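Engineer: Before we start, here is the structure in question, set down as structure tokens.
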Amino acid sequence: MSIYDNPEERKDLIHSVFQILNDWKIDLELQVMLVGLPAETKARELIKIKNGKVFPDEDEFMRRAFEILSISKGLKLAFPGNSTLANLWVTTPSYNFNDCAPVEVMLASFDGLQEINQHLNGGW
């Protein structure tokens, strides 16, 4: 039994993850990929999910949600008091990632999410 078996806690987690992705200015179709949903997920289905509907692959979402939340925390530590700069960092190409934006690395694979997380939370 997971703490996210509680519908309100699940809804809060889902809301937090999608709020972070919105703050980062990530397009909806890319949000779908970042949370591990099938690429063919329609906007109306995404709205249902954002409202607390069960994910098709709960474990994959939980793994990805942890990474996204941890990346967000790392950004707050790296850019204290400047959420605009933190949010821009995600979509700005960087020499640290072969001139790719961190979001591009995140979209490539789950390992990419972990790479960005490690970079922000211990790989400096």
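Engineer: Go through (1) outside any helix (DSSP H, G or I); (2) buried (at least 17 other Cβ atoms within 10 Å of the Cβ) and name the single condition N87 misses.
Structural biologist: (1)
Engineer: Would you confirm whether any residue within the stretch 38-59 is at pLDDT 90 or above and closer than 18 Å to L13 by Cβ?
Structural biologist: So far as the stretch 38-59 goes, no, none of its residues is at pLDDT 90 or above and closer than 18 Å to L13 by Cβ.
Engineer: Take the stretch 10-22 and flag every residue that is touching a helix residue (DSSP H, G or I) at 6+ places or on another chain (Cβ under 6 Å) and over 12 Å from I68 (Cα atoms).
Structural biologist: If the condition is that a residue be touching a helix residue (DSSP H, G or I) at 6+ places or on another chain (Cβ under 6 Å) and over 12 Å from I68 (Cα atoms), then R10 is the only one that fits.
Engineer: Further, regarding this structure: Look at R63 and say whether it is touching a Phe, Trp or Tyr at 6+ places or on another chain (Cβ under 8 Å), at pLDDT below 95, assigned to a helix (DSSP H, G or I) and surrounded by fewer than 18 Cβ atoms within 10 Å (Cβ to Cβ).
Structural biologist: yes
Engineer: How many residues does the stretch 22-37 hold that are part of a helix (DSSP H, G or I) and either buried (at least 19 other Cβ atoms within 10 Å of the Cβ) or in contact (Cβ under 8 Å) with a residue 40 or more places away in the chain (or both)?
Structural biologist: Count: 6.
The values are calculated or read from the model by the stated rules, or taken from the named source; none is laboratory data. Fair warning: this is a prediction, and the values are worked out from it, not measured in the lab. FYI the Cβ positions are ideal-geometry reconstructions off the backbone, even for glycines, and counts take in every protein chain you see.
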